[in-house]
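What follows is one structure encoded as structure tokens, with my remarks underneath.
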Amino acid sequence: MSASFLHERRAGVLLHPTSLPSGRLDEDADRWLDLLAQAGLGVWQMLPLGVPQKDLSPYQCLSAFALNHALFDTTAPAAVEQEDFEAWQRSQRHWLTDFAHFMVIRQEQQCAPWYAWPEGLRLRDPDTMNAFVEVHAAAIDDVCLQQYLYHRRWHEIRELARDRDVLLFGDMPIFIAYDSADIWANPDQFLLNDDHEPEFVAGVPPDYFSETGQRWGNPHFDWEQMELEDFSWWMQRFAHHFDCFDIVRIDHFRGLEGVWMIPESSPTAIDGFWQKTPGDALLTTLSRRIGELSLVAEDLGIITPEVTALRKKFGLPGMAVLQFGFDAFDDNPHKPKNIHTDTVVYTGTHDNDTTLGWYLSLEADVQAHVREMLGMSEEQDIVDTLIDTAFETQACLAIVPMQDFLHLDGDSRMNKPGTVEDNWRWKFDWEQIPAGFTTAVKQRLALCGRTGDKKL
């Protein structure tokens, strides 16, 4: 069953909460939702909300379920109804206690990864764990309480968004970080040896972007074991994301059809091989349990017909990025004329340069080619033109990074893939919002029929 948002023409903004002026889900988030509603922007897309590791990437988190403490005001006292807190704890027992143990041990171990902990803690020896919990019970309870408060605040934001007819669009990385509570607590769900070390790691093979491919280092799932358990871990993960968001993007969707298996000992991705995964069975189980799948498939890069067939079987929209649409190939799926209704179109993503930064980086002849393809006059602005082009496509949903709405150059990009320095840090300031912004955007959306009330 296709998701309801596929049948509406909406537009939205890509902005991670860390890019709010405060960097937190505080009153700035409330003000942000007001801005979106006033502008007629019916979707707020963000990156994963988990606890990042030291490089701040939200795609390598310490838990698939916990919320990042840095997003919340932890100084203001908050009243807690003990009965509500205990009920929430019971509903989250599949991850919460393990995460609390993980975080307290990690703090005691000077933030060392779990696979470097003493053996008893690393392998979760029952006697060792019981002794640790007895000594650190108060700290463990505090982690649980803080997560309760974060989730409570997040659901306040969900209610504010519903009141303003704004859909929250989240992101779910397909793979799990090796240094995470999920792998430490559930080693049987992953391809690990007896010492809980990965036998193979994830990545993608060599292509025209990289001669050696990409070696991400995430352990692979034990799909055989997961299927025997009716994908219970995945069902809990999806349930968590649908509790937090109206729409969820599956990052690296092609991994549900097949994954690139890199021997852990290999320093690059060259020596890997493809292995099929039971994504069809997983999505069938999910569809049987919840019905409508409000999912978006991140299907960028080299995508096989089998991956496309899997996406279409379950009625999931794919992605198109306009910055990728200016080559000489007429069948390029990122060209505006090739973008269909079952697509979420972007001017650029968090991994792209800003539209202005991208355009300025092009050679003069390529800039001329871009302008010609877009039918631009000399007076027209490249950023506004690309935004309007996204709005005018047939895509069910058009998403524009906030940096593009603000006409910012490459100094304001969110992430530069392949680097670990100075990423994930960009913030805007309220003073950057030009006068008349909401009125102008709302008028542009009305002209393109992207007000959320026009059905496809």
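Things to note:
- Residue check, VAL296 buried (at least 19 other Cβ atoms within 10 Å of the Cβ), outside any loop (DSSP other than H, G, I, E, B), among the β-branched types (Val, Ile, Thr) and touching a Pro at 6+ places or on another chain (Cβ under 9 Å): yes
- Subset of segment 137-173 [touching a strand residue (DSSP E or B) at 6+ places or on another chain (Cβ under 6 Å), among the aliphatic types (A, V, I, L, M) and under 22 Å from LYS54 (Cα atoms)]: MET172
- Members of segment 327-338 that are farther than 12 Å from LEU386 by Cα and either within 26 Å of the chain's Cα centre (by Cα) or modelled with pLDDT under 95 (or both): ASP327, ALA328, PHE329, ASP330, ASP331, ASN332, PRO333, HIS334, ASN338
- Sole residue being at negative phi, outside any loop (DSSP other than H, G, I, E, B), of a type in the set (Gly, Ala, Ser) and crowded, with 22+ Cβ neighbours inside 10 Å, chosen from ALA309, ALA320, ALA368: ALA320
- The numbered conditions (1) of a type in the set (Asp, Glu); (2) under 19 Å from the mean Cα position of the chain (by Cα); (3) not in a loop (DSSP other than H, G, I, E, B) are all true for ASP34 except (2).
- Every residue from segment 277-292 that is crowded, with 18+ Cβ neighbours inside 10 Å and in contact with a strand residue (DSSP E or B) (Cβ under 8 Å, 6 or more places away or on another chain): THR277, LEU283, LEU286
- Enumeration of residues in segment 88-105 that are touching a residue at least 24 places away in the same chain (Cβ under 8 Å) and outside any loop (DSSP other than H, G, I, E, B): TRP88, GLN89, LEU96, THR97, ASP98, PHE99, ALA100, HIS101, PHE102, MET103, VAL104, ILE105
- The conditions of being touching a residue at least 12 places away in the same chain (Cβ under 8 Å) and in contact with a Cys (Cβ under 8 Å, 6 or more places away or on another chain) are not met by PRO278.
The values are calculated or read from the model by the stated rules, or taken from the named source; none is laboratory data. Since the structure is predicted, the reported quantities are computational estimates derived from the model, not experimental observations. For neighbour counting, all protein chains shown are included, and Cβ atoms are generated from backbone atoms with ideal geometry for every residue, glycine included.
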